[in-house]
Amino acid sequence: MSNDIIPIPVGVYDFHGDTGKFALGGGHIIVLFYIMKKLPQTEILSYKKNFSFANLFSAWLEFKNGKRHKQDVAEFSQNLIHNLSVLREDLFSGRYAHGGYFHFRISDPKPRDIHKASVRDRVVHHAVYRALYPHFDSKFIYDSYSCRINKGTHKAINRLREFCRKVSKNNTKTCWVLKCDIKKFFANIDHEILKNILEKYIKDKNTLWLLSQIIDSFSSQKQIYAIADICKKGLPLGNLTSQLLVNIYMNEFDQFMKRDLKVKYYLRYADDFIILSENKNYLCNLLQYIVVNLKDKLKLELHPDKVYIKTLPSGVDFLGWVHFPKHKVLRTSTKRRMLRSLKHNLKEETVNSYRGLLVHGDTYKIRKKLNIT
């Protein structure tokens, strides 16, 4: 037996979620479980270790959090050990094939198409995410804020405020802002380009095979360029792996902006990115390089109605807020959506959610109107 696993005997265990430990006796599951030591850097992308039974079980624990009462999750858990064992064997034998998706629509705030995979496939997504996230997160630029640990919207907004102060010399100089939005971002991720990017960083063929299974399990469109030449595009909103894969995809653009173009005041959140400068002409020239790079390298386009260059005092719309030199206010559409929601739903959790949002900006008037303090 390898030195980097510690065996725990077969038995009946209670899992204590608060401590993350197993206790023998009177428990709920019977499992042959292995506790994995911290792996050396060279073994982070080891297929054998990342998709062992122990790691699949850990992926299951993460996945089922908050979902145990869902019917499909409950059905999978009824025969958990067998289901995970079969999944492991399929992953190691090459028989694993990603299944289809259940499609539904949400308003968040605009209509979005969500595609939900089966429980079995979502456990695989969690295992993949656990394996790849630490490896790739260290390669991302500092100012990429979407779907990353210790990042997020509030950190991105604070960073924008910091950039604004520096470029405007504490509001004594004109600060120009180039704001861009990528058109149909998730739907236009090119599968072949994404897989080529992954091959630059991952050498393990089994891991690349599994990632191809996940990537090619969904396509938003097929563009036929020639006979037998089909280019698949799109990643599904709803997959945990999609969040990581789009960051890996856009990291190519981030590196171009920082390393090749040496852009100092650049930050990105998913398909939205912002660049600040004292020089408007600099931003105009920069935009040409951006358009060409996105099209040639990633087959992406900017949304024609969501690209602009304006001064900070005129108001910059970013991540739900309109930013000015010394304050920020809620975007009008966000405010209207909040008013509609609270008109029909005054549940405490809903009010608390909006209260948490409103404390991050200049919202005294709307809080007074809604009686939220």
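For residue 201 and residue 281, calculate 0.36 nm times their separation in residues minus their Cα-Cα distance, and state this gained length in nm to one decimal. Could the numbers behind the result be given before it?
Working: separation 80, 0.36 × 80 = 28.80 nm, distance 3.64 nm.
In short, 25.2 nm is gained.
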TODO: At a 1.4 Å probe radius, which order do 289, 308 fall into by accessible area, largest first?
DONE: 289, 308
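Calculate, for residue 69 and residue 220, the FRET efficiency according to 1/(1 + (r/R0)^6) with r their C-beta to C-beta distance and R0 35 Å; round to the nearest 0.05.
Working: r = 31 Å, r/R0 = 0.90.
Working from the Cβ atoms, E equals 0.65.
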Task: Surface per residue (accessible, 1.4 Å probe) for segment 145-265, Å² - done: 47
TODO: Quote the accessible area belonging to residue 327 in square angstrom, nearest 10, computed with a 1.4 Å probe and with ligands, DNA and RNA left uncounted.
DONE: 70
TODO: Return the FRET efficiency for the residue pair residue 158, residue 209: r is the Cβ-Cβ distance, R0 is 56 Å, and the value is rounded to the nearest 0.05.
DONE: 0.85
TODO: Sort 291, 73 by accessible area with a 1.4 Å probe, largest first.
DONE: 291, 73
- [ ] Give the Cα extents of segment 208-317 along the principal axes, in whole Å, largest first.
- [x] 48, 32, 27
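The values are calculated or read from the model by the stated rules, or taken from the named source; none is laboratory data. Since this is a predicted model, take the numbers as computed values, not measurements. For neighbour counting, all protein chains shown are included, and Cβ atoms are generated from backbone atoms with ideal geometry for every residue, glycine included. Quick note on the areas: whole protein, heavy atoms, side chains included, nothing else; ligands and nucleic acids left out. Shrake-Rupley method; radii C 1.70, N 1.55, O 1.52, S 1.80 Å.
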